[in-house]
Each structure stands twice: as C-alpha cells, then as structure tokens.
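The values are calculated or read from the model by the stated rules, or taken from the named source; none is laboratory data. Values in this document were obtained by computation on a predicted structure and should not be read as measured data. Surface areas here come from the heavy atoms of the whole protein model, side chains and all, with no ligands, DNA or RNA. Shrake-Rupley method; radii C 1.70, N 1.55, O 1.52, S 1.80 Å.
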Amino acid sequence: MSTRILARRAFLRRDPSENRCRPIDKRRTRYYNTSKMNDSKKNDKGAIHVSLGIEFSRKLALAYNAVCKPLCRELGLSKTAFDILMFLANNPDCTTARDIVEIRKIKANLVSVNVDRLVQEGYLERRAVAGDRRKTQLLCTEKAQPVIARGREVQERFFARLLHNTDAATREAFFRTMEVIGKNLDEILKENG
C-alpha cells in the first residue's frame, strides 16, 4: 500500500488511535498508483491512474524552468520576470499586464511587481494606449533585446531537445495532433464559456 495514495471523494478524518485516516462516508474508494506513470502494474478493480497529460505538463514545466534557471541567475532576473519579458517579446499583439495574467496565468500581483522591476531596470517601457486611458502598453526596450535574443536561443535549444530522437513523420503527426487538440479545446471553451 506504500505506492498508493488512498483518496476519497469525501473528506478523510484522522484517527489518532489507529494512526491513519478513516473515511467519513462509505462511498467507493479510488486508488491512484503513483509508483510509476505507466501501465506496468495492473489496476485494482475500479482504480484510476493519474493522467499522463498532467504528469507530462508538470515535467515539461520543470524541465523548462531548469533550462532557463542559469540564464535568469546570470542576468539577475527572477523566472517570472524572464517569463514576462519573453512573453511580451514573443507575442507582439499581447502588450498589457492583463494579457500576461489571462494568457500566461501568472497572478496579477506577481505581474505587477515584476513589471515594475523590469520598468525600473530599463527592460520595459510603459506607454498609454490612445483612446483608452485605463490601458497601458508594455513594450520591450533596446536594453531588453540582448536578453530576449539569449532567451530565444535557450527556448530554441529546449524545444529542439524535446524533439530529439524523433523523425520528421513523428514530429508532423505530433504537431497535427496538437493542432486538433487545440481546436477541440477552443470548442470546449466556447460551448462551456
């Protein structure tokens, strides 16, 4: 039982006399096999494995952060500040703090603090949007261009490494599948938005 996490749909109550959690209700228990993220072990009847997609996205984020860390350390930028700068550089049609919050899913207070720091250090410039006094555009400055160039090099090496040991047909199929999944996600959001 050490490789499994016992989870209940209801809350679990700690029973100090038995030094374990006891379920509050008698609904069906679900088991999550966390020892390996593959099908090498047979499920118990009714067991559910943690999604490989969740594991993949977690590993992807961890690997990307690990690859960016040395550059961030060298430049004296936090990872969040680096992400904001690269997002603005790679998405010229997204130029507001709201875009960063909504698309990159970075908390508004972190965006605010890091944008202030990037402006103070000369990497970003704030510019009022004509016709809407409430909006402020965030534009990368000349000082930011060498940082952006190095960041893009890191990103290109990272994505090339991700696709290492794949042939052209596999990559083409992968990108086609991702495009279809993206369209499906757009439809789901549209239907449930």
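The table below gives the values:
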quantity	calculated
Cα centroid separation, the stretch 78-100 to the stretch 114-128 (Å)	11 Å
Within the accessible area of the stretch 55-95 (1.4 Å probe), percent carbon and sulfur	60 percent
Length-normalised contact order for the stretch 47-178 - Cα pairs under 8 Å, 6+ apart - percent	21 percent
Heavy atoms of SER112 accessible to a 1.4 Å probe, total area in Å² rounded to 10	60 Å²
Separation between Cα centres of the stretch 165-193 and the stretch 133-161, rounded to whole Å	25 Å
Quotient of C-alpha Rg and 2.2 N^0.38 Å, computed over the stretch 144-193	1.63
Hydrodynamic radius by Kirkwood, which averages 1/r over all alpha carbon pairs of the stretch 94-175, in angstrom	15.3 Å
